[in-house]
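Every number in this text was worked out from the coordinates using simple rules, so none of it is lab data. Note that this is a predicted model, so its numbers are computed, not measured. All Cβ positions, glycine included, derive from the backbone under ideal geometry; neighbour counts span all protein chains shown.
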Amino acid sequence: MSVDRGPTRVSSLVGGVAAAFSVSVIGVYSWAALGVGFLGLISLVIGLLAGKQSAITLGASALFVGVLLAGIEGVPALVLLVATVGAVLAYDSATTARSLGEQVGRNAPTTRLELVRLSATTLVGVGAVAFAYGGYALAAGGDSLTALVLLLLAAVLIASALR
Amino acid sequence: MNWHRVLLVSGIAAVTLGILALVAPEAITADINQAAVTLVGVLALLQVVRVAYARSQRDTQQAQTGTPERRQSVSPPGETLDDAFGYFRVKPHTHYRFGVRDGLADAAVSVLTRYTDCTEKTAREHVENGTWTDDPLVGRFLAGDGDVRTYTPTSFRALLRRNSPTDQVVSRCVDAIAAVAENGHQHSGERSREELETDTAENRDNDTAENRDEHRNPDEYEREERGGEGLHARRQTGRWDGISVVALLAVGVGVLVEQPGVLLVGVVGIVYAAYTRANPPSERPLSVERAVSDERPDPGDSVEVTVTVTNESGRVLPDIRLVDGVPGPLSVTNGSPRLGTALRPGERAEFSYTVQARRGVHEFTPLLALVRTLPGTVEDEWSIATPSPSALTCVPRLDPLPVSLALRQTTTQYAGVEETASAGDGAEFYATRLYQPGDSMSRIDWNRQARTGEFSTLLFREERLLRVVLVIDAGTFVAPEPNTEHTLDRSVDAAGQLYATLQSAGHSVGVATLQSAACWLPPGTGATHREKTRELLARHPVLQSTPYEPDESPVRAKRILRSRLSPETQLLVFSPLCRPSVVRTIRQFEAAGYPVTVVSPDPTAANTPSQRLARIGRRVHVTDIRRDGIPVIDWGWDESLPGAVARFSSTGVSP
């Protein structure tokens with residue numbers, strides 16, 4: 001009896017849907033974002049079909065670049081935040097699908113694990129959006145260049161530390 | 001690590017100051033202009049390049065799981081050229097560096113001395129002069145002056161396949177050697193060059209397929225290597241490596257294009273980067289129970305295995321990937337010995353699968369558990385055994401074959417069932433001879449005396465007991481296909497069936513192996529002996545489907561066996577005849593006065609040049625043994641044992 005080590009179904013499906021969601025949310029506002037994001041979606045799907053992690057990573061990166069392009073064109077902040085979470089979720093699900101497929105395979109029951117992982121990643125994303133957008137709404141009145149520089153510097157430092 | 005901490009502390013300080021500046025702008029009065037903002041943006045972008053580069057250099061890491069569903073794989077004889085050369089190695093213990101050319105030359109000499117009228121010396125000369133084959137390239141190559149680069153592919157297809165010149169030449173050498181072995185003369189036959197090239201090209205393809213399989217092989221045995229219980233590895237999976245790029249890129253781009261929305265995206269990146277830090281439990285997180293539906297199944301029975309795992313860690317385990325330790329010789333026929341799940345503290349999960357029982361004692365190996373943290377950044381590899389060992393024991397019945405086996409003509413001094421070719425006491429009329437003083441009165445042919453007046457004595461066919469020891473070569477694990485039963489499985493099964501056949505015919509039969517003196521049952525008869533044999537064949541560690549290292553050396557085992565054999569014992573050796581040392585041992589037993597018959601399952605394949613060379617090598621071994629007057633039952637892999645025995649007994653290939 002052989003083992004099918006292809007990506008698991010639930011996570012693959014969620015990964016594809018999240019990527020498509022991310023692309024369509026920003027695609028409504030920006031042609032450039034739609035184009036780049038769509039290429040990312042294709043790369044991600046190919047990565048899932050072929051079980052190639054590099055294609056998945058590349059696809060998710062392209063999705064994010066699409067989000068930034070949309071941001072440069074001045075798309076509303078909330079849309080950008082939601083699309084970013086979509087891209088991260090797409091990456092996480094696709095990566096889970098591939099790694100779980102390789103270690104456990106498609107024939108074994110894995111749905112519970114996948115659902116737990118998906119909900120965790122989604123919840124963290126929703127929390128991040130709420131935190132970012134809430135802070136943005138609160139601080140919108142402030143107009144201190146010093147505060148901005150300090151906060152940005154903090155972002156760079158922490159991001160580098162956590163990498 | 002410290003560097004990261006410094007960064008983190010500075011970052012937190014900057015956040016505090018920034019919020020302070022936001023809440024009370026008078027508190028901090030630094031002279032900061034737009035240039036500072038741009039500088040931070042550029043800094044972020046530089047960091048992006050660094051992080052993204054680091055990520056692109058490192059793929060995600062994770063444990064490889066084997067394939068316990070399948071039978072443990074074995075390779076065909078002659079998996080490598082070196083292995084195939086071993087078939088022709090004349091001196092037993094030479095481990096000198098062996099070139100391809102020397103190996104092929106030895107093989108050529110071996111077949112020339114067996115299948116043509118060459119002596120060792122003339123064969124060597126032929127090979128050195130290149131006059132033994134029609135193929136000038138092969139002749140030159142083995143003669144030692146053939147530069148393989150002079151070989152030019154003669155067909156476009158061969159060019160396209162891009163075979164390396166050496167592969168082509170080796171393949172053609174094997175063809176030439178095979179031609180000698182098959183035809184017995186120095187002409188390589190009618191195969192055209194064109195045919196040879198396409199042939200070798202196909203072999204080349206098979207070779208690469210084989211290599212891919214070889215790459216999988218370490219995987220198969222990894223399970224065993226993981227060995228004992230406990231935490232075997234903690235791995236950084238790296239699946240979230242580079243997530244900070246989201247934050248850094250957003251900050252860099254956002255600052256440069258002055259879009260607050262883009263800056264905000266950076267927050268999402270930082271939150272995910274922080275999320276990926278979570279610690280896995282450090283003590284054993286799971287306990288395992290395993291239940292089998294039948295611990296003593298018959299061969300071929302389906303046995304259901306149910307595994308229950310319980311979360312003992314006291315915390316939620318969000319990502320558990322389990323692969324059960326199915327015994328190597330068993331294959332899973334239904335269900336999957338794997339599970340991916342999440343467990344709350346104290347919660348249990350269950351999965352079951354079906355295996356097909358085979359001969360032997362099969363102990364389950366520890367279950368492999370891969371436990372990941374919620375974000376999946378850390379993966380712990382655990383090996384978890386059940387509290388009490390679980391095993392399947394499968395003891396096949398010993399059924400006699402429907403055919404009888406023609407044994408060698410030697411008997412013991414005890415009366416028995418074997419009809420001998422000598423006259424003496426017995427039941428069946430054999431001959432008459434002139435009366436000699438001392439002949440029993442009751443044996444005088446009185447009718448004849450009445451008719452002719454001469455005294456003559458009736459002679460009967462002597463019926464004697466045969467004492468046979470079944471000797472199993474338990475040191476070779478090969479088969480033509482990777483995931484089927486192998487030579488030892490076949491040998492032990494055959495030994496069991498022939499034991500039953502010979503015993504029910506009334507002979508006294510014992511069991512031994514060439515590798516271990518511990519595996520020994522003196523010749524005997526009766527139901528108790530039969531039961532002992534049955535248990536020995538199924539349970540002895542040396543006879544299990546997985547390789548086992550016996551305590552003593554083969555030389556010592558052979559010596560002990562010799563001392564145990566009483567005179568007038570004949571041997572039935574079960575061996576694929578893959579190793580010259582076994583061939584030597586068989587010939588030594590024959591020379592020492594123990595008549596030997598060999599039952600040899602043929603495991604050779606012919607997919608690659610090295611496999612074909614091994615097949616020729618085995619043929620040479622069979623030839624050598626037969627020339628000593630030892631009958632060999634050459635048992636084809638697709639042939640049934642009764643078929644092979646019947647063919648042997650009827651044609652009487654005995655000398």
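Please work out the C-alpha center-to-center distance from the range B:581-626 to the range B:254-305 and express it in whole Å.
About 53 Å separates the Cα centre of the range B:581-626 from the one of the range B:254-305.
Is the shape of the range B:286-384 rounded, prolate or oblate, going by the alpha carbon gyration tensor and its root eigenvalues a ≥ b ≥ c, with a/c under 1.5 for rounded and a/b larger than b/c for prolate? Working shown, then result.
Numbers: a/c = 2.70, a/b = 2.28, b/c = 1.19.
Since a/c reaches 1.5 and a/b is larger than b/c, the shape of the range B:286-384 is classed as prolate.
Which of rounded, prolate or oblate describes the range B:475-572 when judged by the alpha-carbon gyration tensor and an a/c cut-off of 1.5?
In terms of gyration-tensor shape, oblate.
Just to verify a number: FRET efficiency for B:I19 and B:R315, C-beta to C-beta distance, R0 = 35 Å, to 0.05?
Given R0 = 35 Å and the Cβ-Cβ separation, E is 0.55.
If I require 30 Å or longer along the helix axis, counting alpha carbons, and a Kyte-Doolittle average no lower than 1.0, what helices from chain A are left? Use full DSSP H segments.
Numbers: long enough: A:77-103 (39 Å, 0.96); A:111-139 (41 Å, 1.03).
Helices meeting the criterion: A:111-139.
About the Cα centre of the range A:65-134, what is the dipole size in debye to 20, counting +1 per Lys and Arg Cβ and -1 per Asp and Glu Cβ, all else neutral?
The calculated dipole for the range A:65-134 is roughly 220 debye.
At R0 = 22 Å, how high is the FRET efficiency between B:E304 and B:R284 if r is their beta carbon distance? Nearest 0.05 is fine.
0.25
Note down the nm distance, to one decimal, between modelled labels 7 Å out along Cα→Cβ at A:E73 and at A:V126.
Inter-label distance under the simple model: 2.9 nm.
Distance in nm between label sites at B:Q61 and B:E128, each 7 Å beyond Cα in the beta-carbon direction?
Distance between the two pseudo-spin positions: 5.7 nm.
Along the Cα-to-Cβ line of B:E350, 7 Å from the Cα, sits a label point; which residues in the range B:356-387 have backbone N less than 19 Å from it?
It comes to B:386-387, nothing else.
DSSP loop GluC sites (Glu not before Pro) in the range B:439-512 with at most 11 other Cβ atoms within 10 Å of their Cβ, which ones?
B:E454
Give me the extension gain from B:R451 to B:E552: residue separation times 0.36 nm, minus the current Cα-Cα distance, reported in nm with one decimal.
Contour length minus the Cα-Cα distance gives 29.5 nm.
Once you have a ≥ b ≥ c as the square roots of the Cα gyration tensor eigenvalues for the range B:467-651, tell me rounded if a/c is under 1.5, and otherwise prolate or oblate according to whether a/b is larger than b/c.
Rounded, because the longest to shortest axis ratio a/c is under 1.5.
If I take R0 = 41 Å and measure r between the Cβ atoms of B:R564 and B:M441 in this structure, what FRET efficiency does the formula 1/(1 + (r/R0)^6) give, to the nearest 0.05?
In this case the efficiency is close to 0.40.
Please state, rounded to one decimal and in Å, the Kirkwood hydrodynamic radius that chain A gives when every pair of distinct Cα atoms enters the mean of 1/r.
One over the average 1/r among Cα pairs gives 16.9 Å for chain A.
Do any GluC sites (Glu not before Pro) in the range B:328-381 lie in a DSSP loop with no more than 13 other beta carbon atoms within 10 Å, and if so, which? Write down the numbers at each step before the final one.
On the way: sites: B:E347, B:E350, B:E363, B:E379, B:E381; in loops: B:E347.
For GluC sites (Glu not before Pro) across the range B:328-381 that sit outside H, G, I, E and B with at most 13 neighbouring Cβ atoms in 10 Å, the list reads B:E347.
In whole angstrom, note down how far apart the Cα centers of the range B:503-533 and the range B:53-74 are.
First find each Cα centre; the distance between them is then 46 Å.
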